[in-house]
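> Shown below is the structure under consideration.
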Amino acid sequence: MDNREDIGQNGFQLLSKYRNALMGIAALSIYFFHAWIPITLEPQESSVFYLSFLEHFLKQNGFLGVDIFFLLSGIGLTFSVEKVSLPMFYYRRLRRIILPFVTVGIIRGIVQNWGWSVIIGNITGFNFYTKDVNSFLWFVPAILTFYLFFPAYYKLFTKSQNKFLFTAGVIMIWLLLSTIVKDTMREDLFGFTNRIPVFVIGILIGYLIRNGKSATFTLHTYLLLFIMLFTGLYLSYLTEYKDFYLIVPISNCFLPTLLISISLSLLVSNLFKALEQRMPRFAKIILKVTGFFGMISLEFYCVQSWFIDIIPLLIEDGWSIHLINLMLFLIITALSWVVYVLFKNFWELTERIAKKWKAKQNIKMQ
């Protein structure tokens, strides 16, 4: 088998192999959406229209990194759920998320004088469901909701005869329910529920990977993926700039991001494999950088929320846009890494103490 054929092999498996790097790209995309200040004028005012349009379009659509996270989460859960007991499954999910989320929520709430009722409502997810999904770091209560229902869903999924039809059926039920409640459900909630399809598709892909189902990426496969990508980008343009209504409320967070996140993840993961084969040193650098941001992605997401509000103040004080972009990126990255290390060591120490205590109790009982 020559190199050209080998690059096309096992396309789905590459999503698992390069999961950390893809999460890093998603994290940087979300950061670009939240905190990046465009360095070009608005496209209609710029002398470099296409460059300006590209920068503003990428920033406007940076939130699609969330869809990549949901896709990869669905894939990852199919591996983790089979390895441990159900209580341990939930414990590991909570252990990774709770401390950064709650810590940032409490500190930010105290600094910004939210009041304890708002703080508790935000960190428990109560405000997410009863007031506004954007009350505070909406991705965390959203993914925790998916985690909560995943084991039951996966049990039904694995018992189904045809996993593709089961997944398609779930998406059709979601679509039917969405159209029924579109005039009665709070509109902001669609920003969350519209991500159900990409999550269940991630579960399907994870199942295929876990059970060794290979996918040969031929020229036709790549052509299909590029068609999906450009269709998603065009629909994103229509929904973002032309107020095009596409099936459900908050239309830009369903079909456009679904098509982009799946096709882009597959294309980039296959690109990583090609780079490793043809430009190994360059690939190593790219994978280390993106993998680093994938490792600290949750902390990176939580910490950046602190700094978004100060950007207008810095601009008003006359700070250079280039300096703000560089300074905030470096500070947020450094703080996120520190927080990641602290919480990682905290859990390792806590579990070590728990194991020693359990060992002592077992000795006493003998």
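Each value in this text was obtained by applying a stated rule to the coordinates, not by laboratory testing. Since we're looking at a predicted model, the values are computed, not measured. Methodologically, a virtual Cβ is constructed for each residue, glycine included, from the backbone with ideal geometry; neighbour enumeration extends over all protein chains shown.
> Which of the peptides 272-282, 293-303 is most tightly packed, and how do the rest follow, judged by the mean count of other Cβ atoms within 10 Å per residue?
Details: 272-282: 14.1, 293-303: 23.6.
The peptides rank, most packed first, as 293-303, 272-282.
> Rank-order 343-349, 205-211, 329-335, 317-323 by packing density, defined as the average count of other C-beta atoms within 10 Å over each peptide's residues, highest first. Don't skip to the answer; put the middle values down first.
Working: 343-349: 12.7, 205-211: 19.0, 329-335: 15.7, 317-323: 10.7.
Descending mean neighbour count gives 205-211, 329-335, 343-349, 317-323.
> Still on this structure, please answer the following. Using 0.36 nm times the number of residues separating Leu313 and Asn211, minus their current alpha carbon distance, what extension gain do you get?
Details: separation 102, 0.36 × 102 = 36.72 nm, distance 5.25 nm.
Taking 0.36 nm per residue and subtracting the Cα distance, the gain is 31.5 nm.
> Calculate the FRET efficiency for Glu351 and Lys163 from the Cβ-Cβ distance with a Förster distance of 35 Å, rounded to the nearest 0.05.
0.50
> Using a/c under 1.5 as the rounded threshold, could you call the stretch 165-253 rounded, prolate or oblate? The axes a ≥ b ≥ c are square roots of the C-alpha gyration tensor eigenvalues, and prolate needs a/b larger than b/c, oblate otherwise. Show your work: numbers first, answer last.
Values: a/c = 2.93, a/b = 1.39, b/c = 2.10.
It comes out oblate by the Cα gyration axes.
> Expressed as a rounded percentage, what relative contact order does the stretch 221-366 have, with Cα pairs under 8 Å and six or more residues apart?
Working: 69 pairs, mean separation 23.8, N = 146.
Relative CO of the stretch 221-366 lands at 16 percent.
> Also: Under the classification rounded if a/c is under 1.5, otherwise prolate if a/b is larger than b/c and oblate if not, where does the stretch 26-116 fall, given a ≥ b ≥ c as square roots of the Cα gyration tensor eigenvalues? Display every interim value, and only then the final one.
Values: a/c = 5.52, a/b = 1.65, b/c = 3.35.
It is oblate, given that a/c is not under 1.5 and a/b is not larger than b/c.
> Oh, and also: For a paramagnetic label modelled at 7 Å from the Cα of Val341 toward its Cβ, which residues of the stretch 288-319 fall within the zone defined by backbone nitrogen distances under 14 Å?
296
> Related question: Grab the Cα-Cα distance for Tyr50 and Val289, subtract it from 0.36 nm times how many residues apart they are, and report the gain in nm with one decimal. Could the numbers behind the result be given before it?
Values: separation 239, 0.36 × 239 = 86.04 nm, distance 2.80 nm.
In short, 83.2 nm is gained.
> Let me ask something else. At 7 Å along Cα-to-Cβ for each site, give me the label-to-label distance between Tyr91 and Leu223 in nm.
It is 5.3 nm.
> Taking K and R as +1 and D and E as -1, what net charge do the other residues with C-beta under 11 Å from the C-beta of Pro249 add up to? Show your work: numbers first, answer last.
Numbers: positive: Lys182, Arg186; negative: Asp183, Glu187, Asp188.
Summing Lys and Arg as +1 and Asp and Glu as -1 gives -1.
> I need the shape label for the chain. Rule: rounded when a/c is under 1.5, else prolate if a/b > b/c, else oblate, with a, b, c from the alpha carbon gyration tensor. Intermediate results must be reported in sequence, preceding the final value.
Numbers: a/c = 1.28, a/b = 1.05, b/c = 1.22.
Rounded shape, in that the Cα axes give a/c under 1.5.
> Roughly how many debye, to the nearest 20, is the charge dipole of the stretch 212-366 about its Cα centre, given +1 on each Lys and Arg Cβ, -1 on each Asp and Glu Cβ, and no other charges? Could you put the intermediate results ahead of the total?
On the way: 14 positive and 9 negative charges, 271 e Å.
Dipole size: approximately 1300 debye.
> Can you compute 3J(HN,Hα) from phi for each residue in the stretch 153-159, using the Karplus curve 6.51 cos²θ - 1.76 cosθ + 1.60 with θ = phi - 60°, rounded to whole Hz and x for Gly and Pro?
Those phi angles translate into 4, 5, 5, 5, 4, 5, 7 Hz.
> I would also like to ask the following. Give me the number: length gained by fully extending Ile321 to Ile98, i.e. 0.36 nm times residue separation minus the C-alpha to C-alpha distance, one decimal in nm. Walk me through the intermediate numbers first.
Values: separation 223, 0.36 × 223 = 80.28 nm, distance 3.37 nm.
Length gained, Ile321 through Ile98: 76.9 nm.
> From the residues Phe49, Trp357, Phe254, which one has its Cα farthest along the dipole of the chain in the positive direction, the dipole being from +1 and -1 charges on Cβ of Lys/Arg and Asp/Glu about the Cα centre?
Trp357
> Please get the size of the charge dipole for the chain, origin at its Cα centre, with Cβ charges of +1 on Lys and Arg and -1 on Asp and Glu, quoted in debye to the nearest 20.
Working: 32 positive and 21 negative charges, 459 e Å.
Around 2200 debye, computed over the chain.
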